[in-house]
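Here the structure comes first, spelled out in structure tokens, and everything after it is commentary.
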Amino acid sequence: MGLQVCVLASGSSGNCIYVGNEDTRLLIDAGVSCKIICDRLAEIGVVPSSVQGVCITHEHTDHHAGLPVFYRKFGVPVFGNAGTVEVLGRSAKHSGIHWNIFTTGQPFRVGSLVVEPFLIPHDSFEPVAFTVRSGDIRIGVCTDLGVATDLVKARLRHCDLIVLETNHDEDLLLSSDRSWPLKQRIAGHKGHLSNRKAAALLSDVGCERLKAVFLAHVSQDCNRPQLAEDTVRTALSRVGLGHVDLHLTYPDRASALWQYPVVVESGKPPIAVDDLQVDKVLMDVGT
Ligand SMILES: [Zn+2]
Ligand SMILES: [Zn+2]
């Protein structure tokens, strides 16, 4: 069983991450428009109607803005925990969405992928990050967290790939013209990870098994992609993890497509997702 990951969009203007294997395709968050999701899925050869689940991390708009239209158009099963669903359910935009409610901390299955949601500290109702397993391959997707708790560290250990936010550079945030309350919110325990904090977390949880990291949710005003990359690369090299590939993510285009194991036939992704039959979604979650 292989696995493909592509960060279709990332940043405060919208987040959406594709995770798929030979028979199951999943989105984590749908924070950009339905059209953008469809266009970027097309770039990696994925038909939107073949997506078997959208898992929402929390109720901030940059994580679900495109969900209502994507849901109505394709009828894709949507997953969220009770806290997030309660908040989103109050908005007319989300009326009519049938939610599959998962319990934070309890793994559930979407097709052949095993998704495990875990709690992260962030200024929203019940924010989560996810690990996703495809056979023996395990990835972590963790954006929007103020601090790396022991739980976060435990969940991100032994991953083959980690999508982690490198939101801001601490000096650039301090010297930006943002208001003090906003600066405090972003840098606080329920805000966002700085480059330095993300680098420390990766140095702690990284191991021989870690092959790649996507640097996500990079602030356009208070960070520079090169700065984020350099900070993480330096920290990983110091602890003997110089082998880890670093990939940037973008608000306005899809990232590189990560695939493991790598069996590249020239010009063609190893998993021809277009041609696969859509399997019935198996869910162990309540509805
Ligand atoms: Zn966000
Ligand atoms: Zn957020």
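The values are calculated or read from the model by the stated rules, or taken from the named source; none is laboratory data. Remember, it's a predicted structure, so these values are computed and weren't measured experimentally. Methodologically, a virtual Cβ is constructed for each residue, glycine included, from the backbone with ideal geometry; neighbour enumeration extends over all protein chains shown.
Table for the structure above
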{"read-out": "Hits in the stretch 2-20 - residues which are surrounded by fewer than 23 Cβ atoms within 10 Å (Cβ to Cβ) and more than 16 Å from ligand 1 (Cβ to nearest atom)", "value": "GLY2, GLN4"}
{"read-out": "Residue pairs meeting the criteria (Cβ under 7 Å; at least 6 apart or on separate chains; first surrounded by 17 or more Cβ atoms within 10 Å (Cβ to Cβ), in the stretch 103-125; second assigned to a strand (DSSP E or B) and among the polar types (S, T, N, Q))", "value": "LEU113/SER134; GLU116/THR131; PRO117/ASN81"}
{"read-out": "The stretch 53-96 - residue that is more than 16 Å from ligand 1 (Cβ to nearest atom) and touching a residue at least 60 places away in the same chain (Cβ under 8 Å) and, of those, surrounded by the fewest Cβ atoms within 10 Å (Cβ to Cβ)", "value": "PRO77"}
{"read-out": "Among the candidates ARG209, ARG253, residue that is assigned to a loop (DSSP other than H, G, I, E, B), modelled with pLDDT of 95 or more, away from ligand 1 (no atom under 16 Å from the Cβ) and closer than 29 Å to ILE36 by Cβ", "value": "ARG253"}
{"read-out": "Test: residue in the stretch 12-30 that is basic (Lys, Arg), in a helix (DSSP H, G or I), within 19 Å of the chain's Cα centre (by Cα) and within 29 Å of ALA212 (Cβ to Cβ)", "value": "no"}
{"read-out": "Checklist (1) in a loop (DSSP other than H, G, I, E, B); (2) free of Cβ contacts under 8 Å to residues at least 40 places away in the same chain; (3) surrounded by 13 or more Cβ atoms within 10 Å (Cβ to Cβ) applied to ALA235, failing item", "value": "(1)"}
{"read-out": "Residue that is nearest to ARG90 (Cα to Cα), among those in the stretch 16-61 that are within 16 Å of ligand 2 (Cβ to nearest atom) and among the charged types (D, E, K, R)", "value": "GLU59"}
